[in-house]
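Read through the structure below, which is laid out as structure tokens, and then see the notes.
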Amino acid sequence: MEYATIDNEQDYTVFRFGDHTIRFKAPFSLEHYTSVKEWDHGYLVVMAKYTHNNQDEEEYIDLVPILEKLYFDADAFLKPIKEVRIYHA
């Protein structure tokens, strides 16, 4: 099964798949992502821990516009991804 990973580094969300690492600005108070609830061809529903809240919050990420701004063929890039997992270094 082909899967991608998501995590955060400093002020950025990091999405990894194959040889590609895509970084984009994350919310300023994001501590870390805790789980991936849903993956739908570029649309992610994740749970995230923020500094201002003791409980995890649901967050929504749409990768398609990010990929298009980077001149990726979003459909071709996303097609083989069947699952997204939290990256653990």
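Values in this text are rule-based calculations from the coordinates and carry no lab data. Since the structure is predicted, the reported quantities are computational estimates derived from the model, not experimental observations. FYI the Cβ positions are ideal-geometry reconstructions off the backbone, even for glycines, and counts take in every protein chain you see.
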- Of the residues in region 61-89, how many are touching an Asp or Glu at 6+ places or on another chain (Cβ under 9 Å) and closer than 18 Å to Asp11 by Cα? 4
- Tell me which residues, restricted to region 53-77, are among the charged types (D, E, K, R) and more than 13 Å from Trp39 (Cα to Cα). Asp56, Glu57, Glu58, Glu68, Lys69, Asp73, Asp75
- Query: Tell me, which residue of region 34-49 that is in contact with an Asp or Glu (Cβ under 6 Å, 6 or more places away or on another chain) and without any contact (Cβ under 8 Å) to a residue 40 or more places away in the chain is surrounded by the most Cβ atoms within 10 Å (Cβ to Cβ)?
  - Reply: Ala48
- Residue check: is Tyr87 at negative phi, over 15 Å from the mean Cα position of the chain (by Cα) and of a type in the set (Phe, Trp, Tyr)? no
- Kindly indicate whether any position in region 1-14 is closer than 22 Å to Asp73 by Cα, touching a residue at least 40 places away in the same chain (Cβ under 8 Å) and not in a strand (DSSP E or B). yes
